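The values are calculated or read from the model by the stated rules, or taken from the named source; none is laboratory data. Model, not experiment: these values are computed from the prediction. Here the Cβ positions follow ideal geometry from the backbone for every residue, glycine too, while neighbour counts run over all protein chains shown.
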Amino acid sequence: MSSNNLLVITNNYPNEDDSYVGGIFVKEQINYLKHYFKNIYVISPVAYGIDKFRKTTYKNYKYDNVEVFYPKYFNIPLFYFCFKDSWIYFATKAIIKSIESKNLNFAIIHSHFTWPSGSCSIKIGDKYDVPVIVTEHTSITFQRAVERKEKIFIDTWDKCDAIIRVRKNDISSFESIGISKNKVFPIPNGFDSSIFYNDNTLECRKKLGLPLDKKILLYVGNLYDEAKGHKYLIEAMNDVVKYRDDVFCVIVGNGKLKNVIQDQIMDFKLENYVKLVGGKSHDEIPLWMNSCDIFVLPSLNEGNPTVMFECLGCGKPFVGTKVGGVPEVIISDEYGLLVNPGNSRELANKILSALGKDWDSNVITNYAYNFRWENISKQIITVYEKAGYVH
């Protein structure tokens, strides 16, 4: 195929109004990549019934020069454990059906996540004779694939034309399984500086009805996975309030752990210090970011968390754990403080240190400039070119 069009294949992609935010970082990246292409086609296959589980509706839509398609395909959980080839077969078939029914032409494929999007992309790249780039975002899944030498992952990395990894320290892991470091390009995630920027803290708090006389900590993320470390944040808050009574922690997010977290808050009698405010749409998050004094992410593992870049873009210091690509970004205590994962006492001490520190928001936002999607997208285009894409 020959055209100035990009095909993006991704495990997850937000709906038209961003009320479902799965894969929002892919959409934000595309909002800057779209300036380099005539058209961008996004295909995000969805298994029958998954819309009910995710409580969303998948409808194809178009904005600017970007078209989004959600082809349905047959899938069952058993495929993940025993029949991954069947998963790839049905998902790839659905993608090809979309390509051919819509008569899509493209010069290059960029897939997000090795499994299953990358595996599907290899077959589609072969069929249409175009280069394939795979961005690997995961943490535990990636580590497990390397340790177990999982064939489906290694084959995908071996056959694709270039790999974008969101943290540079993993290049040696690729080499350990026979993947040349010359085809691996470390590029972090980024943030949209037109949305996430330093705004007036007091005014934002007034809009949200948050306390004006408190030091506010903020967590933003899902409440589905214990790996996000919510447990340790609540435990840390139980220690923090022993030393300061002017602290208020806001947790933004929804998920199955909500009741578990609320019970933990009540067990520690922290109702006056920690509040679950539920999930918020992506365009509301900058308001919450700018309302806080400190952003906290106590994850047990991460790839390269987008919220880290977003909080820095708002001039807020980041208190988090030494996991994934985080230590590659928080390289100075001018930008934030890091702790070992799963250590609530250490987390409490760092929160207390952060609350007592005089942070320079201008230093933080100037540093965040490096991670604006404008800059990240230029690096991605360079990878496309090295993989064989010709403008």
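Here are some notes:
- Filter result for GLY229 (in the same structural domain as LYS275 (by TED's automatic domain parsing) and in contact (Cβ under 8 Å) with a residue 12 or more places away in the chain): yes
- Remark: ILE351 matches the filter, which requires a residue to be in a helix (DSSP H, G or I) and under 14 Å from GLY229 (Cβ atoms).
- Residue match in the stretch 82-90 (condition: under 19 Å from VAL130 (Cβ atoms) and modelled with pLDDT under 95): yes
- For the stretch 204-227, a tally of residues being modelled with pLDDT of 95 or more and outside any strand (DSSP E or B) returns 11.
- Qualifying residue in the stretch 293-315 (condition: out of contact with any Cys (no Cβ under 8 Å at 6 or more places or on another chain), surrounded by fewer than 18 Cβ atoms within 10 Å (Cβ to Cβ) and free of Cβ contacts under 8 Å to residues at least 24 places away in the same chain): no
- Top-ranked residue of the stretch 259-292 - restricted to ones that are among the hydroxyl-bearing types (Ser, Thr, Tyr) and surrounded by 15 or more Cβ atoms within 10 Å (Cβ to Cβ), ranked as nearest to MET308 (Cα to Cα): SER291
- The requirement of being assigned to a loop (DSSP other than H, G, I, E, B), at pLDDT below 95, under 15 Å from CYS292 (Cβ atoms) and out of contact with any Pro (no Cβ under 6 Å at 6 or more places or on another chain) is fulfilled nowhere in the stretch 187-203; no residue meets it.
- Within the stretch 144-170, restricting attention to residues that are under 30 Å from GLY313 (Cα atoms) and buried (at least 16 other Cβ atoms within 10 Å of the Cβ), the residue that is farthest from the chain's Cα centre (by Cα) is ALA162.
- Which listed residue is in contact (Cβ under 8 Å) with a residue 60 or more places away in the chain, among the polar types (S, T, N, Q), under 18 Å from TYR89 (Cα atoms) and in the same structural domain as TYR89 (by TED's automatic domain parsing), from SER121, SER139: SER121
- Answer from LYS27, LYS62, LYS52, LYS34 - the residue that is surrounded by fewer than 16 Cβ atoms within 10 Å (Cβ to Cβ), free of Cβ contacts under 8 Å to residues at least 60 places away in the same chain and assigned to a helix (DSSP H, G or I): LYS52
- Residue list for the stretch 144-177, restricted to those being over 25 Å from PHE371 (Cα atoms), without any contact (Cβ under 8 Å) to a residue 24 or more places away in the chain and among the polar types (S, T, N, Q): none
- Residue in the stretch 203-224 that is within 23 Å of VAL26 (Cβ to Cβ), in the same structural domain as THR321 (by TED's automatic domain parsing) and touching a Ser or Thr at 6+ places or on another chain (Cβ under 9 Å) present: yes
- Which listed residue, of ILE364, ILE376, is closer than 27 Å to ILE140 by Cβ and not hydroxyl-bearing (Ser, Thr, Tyr): ILE376
- Given (1) among the aliphatic types (A, V, I, L, M); (2) modelled with pLDDT of 95 or more; (3) under 20 Å from PRO71 (Cα atoms), number of the condition ALA107 does not satisfy: (3)
- Scan the stretch 7-24 for residues that are aromatic (Phe, Trp, Tyr) and either out of contact with any Gly (no Cβ under 6 Å at 6 or more places or on another chain) or in a strand (DSSP E or B) (or both) and the total you get is 1.
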